[in-house]
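K.L.:
Attaching a single structure in structure tokens format; questions to follow.
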Amino acid sequence: MKPLFVFSCRAGAAACALGAALCGCADVSMAPYQRPDAPAKAAFSTKEAAPVSASDTIRPDWWKEFRDPYLDRLVVQAIEGNLDLRILAARSRVAQAQIGEARAGALPTLDAGAGASFEKVTGQKFSQTFNLGTQVNWDIDIWGKFEKGVQAQQAGFQASEADWRAGYLSMVADVSSAYFQILQLDEQSARQQQALERGRQILATYEAMHAAGLLPNTRVLQQRAEINRLTSDLLELRRARDLAANALATLLGRPAGEWTVPPGRLQQTVQLPPVPAGLPSQLLERRPDIVAAEYRVLEAYNLVGQAKLAQLPSISLTGRGGSASFALTDLLKTFTVGLMPSINLPMFDPGVKARIRTSEAQTKVAEEQYRRTVIGAFEEVENALVNLDAHRRQRAELEQQVAQLEVVVRQFAGQLREGVVSQLDVFESERSLLAAQLALLANHQQLLSDTVTLYKALGGGWPAVQVGAAQR
């Protein structure tokens, strides 16, 4: 066996020396990573006691604060079956796989092949040739260019995980709100059905009074029109209930129309939990959407670093080995091996400079998107606090209104037996009480939804995350 080694080391050494001399011409400096500046808040404008740590008030399973076992089961089903959540999980797995793809760029590659050639020319002997060859290529990561790409992909993976947590939080909030709406519509429908039955009793009374000449026909027609309105409203409530059940089925990953929530009563089933609080600065580390936005800033920062390092000379090693023979039995008797180092000087490539400018511009986009996310988070918390405060005050007024109208109805019922008031006065008082009770029911649902929104806006109990660049 007679190996033949071919090296091109002298030319490679000269190229390396030239590359080292030119390294000083490229600006590859990067300032340490810092969280982008964003508008800050010292406190939320709540009228209650001073806010405390969100981690002390919000549990990761915050929906259990509503004390409804059926809601707990719905959330578990949604976590297992929600398709949007599955899509986010799949995207996270893609981002994780891309880390390995970026890391593979710094590893050697091996290509191997074998072939044979057969040829017959008229008047000449039959000829055959056999060959076997392999080639190894290795782009040596001297400056850490590939490592910067790995760090960028890792930041992208962390952002995708934060996206999943944000999707999880939104999904649980949507399931809770849809469930509360269904129970509210059930209770509204029950009260509307009672009002319809009472309206029919009133109509029978009016018709009897009209037949006795004690009531004009217009009053009878008005009551018939009232029954038409009550019937129409009841049909609308049932339609809304079906749509809400379809929306909830979709959230659970089930076909709409094939599943529904058993009838229930909102005020008897779901309790109002304590209102959570939190400091504005904690939003930056606890809200998954803000964490995801900052990880995308870090990803862009690392891509800028990779683009700058791409200006520096890159050294590649190419090794070749092979054998050729006219006879298959002689194929491995002789072979050649070659090693060729080479250097690439990309600093003169205008595309490299353009890539740096593009990466820096994309970083600015990511920073502005981060600031927008922070501003939007502050607005969501403030709106939830405003709504909660207003609806709680309204609840106190509605409770007093209902209590007073209940007294009026009881007194009118007694006065009717004594002949002090007319049946019309009793009917009107009952109608006013029903309207107040429905308003109180709607207020209860609003408070529940506002509380869900506030839990979501404050980060939903997710732990704080510190975003930072890897140190080399």
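K.L.:
For the pair Arg73/Leu317, report the inter-label distance in nm, with labels modelled 7 Å from Cα in the Cβ direction.
P.N.:
Rounded to a tenth, the inter-label distance reads 6.5 nm.
K.L.:
Then there's this: Just to verify a number: FRET efficiency for Leu345 and Asp84, C-beta to C-beta distance, R0 = 51 Å, to 0.05?
P.N.:
Efficiency for this residue pair is about 0.60.
K.L.:
Moving to a separate point now. Going by average Cβ neighbours within 10 Å, how do the peptides 101-108, 286-293 rank, with the highest at the top? If you can, show how the numbers build up before the last one.
P.N.:
Values: 101-108: 13.5, 286-293: 24.6.
Taking the mean over residues of other Cβ atoms within 10 Å, the ranking is 286-293, 101-108.
K.L.:
If I take every Cα pair under 8 Å that is 6 or more residues apart in the chain, average their sequence separation and divide by the length, what percent do I get for the relative contact order?
P.N.:
Working: 668 pairs, mean separation 134.7, N = 472.
Computed value for the chain: 29 percent relative contact order.
K.L.:
Pairing the Cα long axis of helix 69-81 with the longest principal axis of the chain, what angle in degrees results, from 0 to 90 and rounded to the nearest 10?
P.N.:
Roughly 30 degrees between the two axes.
K.L.:
Convex hull over the alpha-carbon atoms of segment 74-135: what's its volume per residue in Å³?
P.N.:
About 165 Å³ per residue, rounded to a whole number.
K.L.:
As I understand it, the value is the acute angle between the Cα axis of helix 217-251 and the longest principal axis of the Cα atoms of the chain; what does it come to in degrees, rounded to 10?
P.N.:
20 degrees
K.L.:
Related question: Report P(r) for segment 282-412: all Cα-Cα distances, bin width 5 Å, range 0 to the bin holding the largest distance, values in whole percent.
P.N.:
Pair shares across the bins are 2, 8, 9, 8, 7, 7, 7, 6, 6, 6, 6, 5, 4, 4, 3, 3, 2, 2, 2, 1, 1, 1, 1, 0.
K.L.:
Might you work out the accessible area of Thr218 for me, using a 1.4 Å probe with all protein chains in place, and round it to the nearest 10 Å²?
P.N.:
The accessible area comes out at roughly 90 Å².
K.L.:
What number comes out for the charge environment of Arg103, summing +1 per Lys or Arg and -1 per Asp or Glu over other residues with Cβ under 14 Å away? Don't skip to the end; give the middle numbers.
P.N.:
Values: positive: Lys145, Lys148; negative: Glu101, Asp139, Asp141, Glu147.
Cβ neighbours under 14 Å give a net charge of -2.
K.L.:
Let me ask you something else. For a test of the definition: using alpha carbon positions, the gyration tensor, and the 1.5 limit on a/c, classify segment 394-472 as rounded, prolate or oblate.
P.N.:
Since a/c reaches 1.5 and a/b is larger than b/c, the shape of segment 394-472 is classed as prolate.
K.L.:
Kirkwood Rh, Cα Rg: Rg to Rh for segment 346-385?
P.N.:
The Rg/Rh ratio comes out at 1.41.
K.L.:
What's the carbon and sulfur percent of segment 246-402's accessible surface, probe 1.4 angstrom, rounded to a whole number?
P.N.:
After summing per-atom areas, the C and S share lands at 56 percent.
K.L.:
Quote the FRET efficiency, to the nearest 0.05, computed for Thr109 versus Ile375 with a Förster distance R0 of 51 Å and r equal to the Cβ-Cβ distance.
P.N.:
0.60
K.L.:
Given Cα pairs under 8 Å that are at least 6 residues apart, what percent is the relative contact order of segment 126-237?
P.N.:
23 percent
K.L.:
Still on this structure: Mind checking the full-extension length gain between Ala413 and Lys64? Use 0.36 nm per residue of separation minus the Cα-Cα distance, one decimal, nm.
P.N.:
Length gained, Ala413 through Lys64: 121.4 nm.
K.L.:
Can you give me the accessible area per residue for the chain, using a 1.4 Å probe, in Å²?
P.N.:
Computed with neighbouring chains in place, this is 54 Å² per residue.
K.L.:
Just need the relative contact order of segment 314-464 here, percent rounded to a whole number, with Cα pairs under 8 Å and 6+ apart. It would help to have the intermediate numbers written out before the result.
P.N.:
Values: 96 pairs, mean separation 31.5, N = 151.
Relative contact order here is 21 percent.
K.L.:
While we're here: For a Förster distance of 25 Å, can you work out the FRET efficiency between the beta-carbons of Phe126 and Ala324, rounded to the nearest 0.05? Intermediate results must be reported in sequence, preceding the final value.
P.N.:
Working: r = 18 Å, r/R0 = 0.70.
Here the calculated transfer efficiency is 0.90.
K.L.:
Classify segment 218-277 as rounded, prolate or oblate from the Cα gyration tensor: take a ≥ b ≥ c as the square roots of its eigenvalues, call it rounded if a/c is under 1.5, otherwise prolate when a/b beats b/c and oblate if not.
P.N.:
In terms of gyration-tensor shape, oblate.
K.L.:
Mind jotting down the three principal axis lengths of segment 124-235 based on Cα atoms? Whole angstrom, largest first.
P.N.:
On the principal axes, segment 124-235 reaches 126, 51, 19 Å in Cα extent.
K.L.:
Report the extension gain between Arg238 and Ala43 in nm, rounded to one decimal, defined as 0.36 nm multiplied by the number of residues separating them, less their alpha carbon distance.
P.N.:
Details: separation 195, 0.36 × 195 = 70.20 nm, distance 4.30 nm.
Taking 0.36 nm per residue and subtracting the Cα distance, the gain is 65.9 nm.
K.L.:
Ok, one more. What is the angle, in °, between the Cα long axis of helix 83-104 and the longest principal axis of the Cα atoms in the chain? Nearest 10 is fine, range 0 to 90.
P.N.:
The two axes meet at around 20 degrees.
K.L.:
Translational diffusion coefficient of the chain at 20 °C, 1.002 mPa s, Stokes-Einstein with Kirkwood Rh over Cα pairs, in µm²/s as a whole number. Please list the in-between numbers first.
P.N.:
Details: Rh = 29.5 Å.
D = 73 µm²/s.
The values are calculated or read from the model by the stated rules, or taken from the named source; none is laboratory data. All values derive from a computational prediction rather than experimental measurement. No Cβ is skipped: glycine too gets one built from the backbone with ideal geometry, and neighbour counts run over all protein chains shown. These area figures cover heavy atoms from the full protein model, side chains too; ligands, DNA and RNA do not enter into them. Shrake-Rupley method; radii C 1.70, N 1.55, O 1.52, S 1.80 Å.
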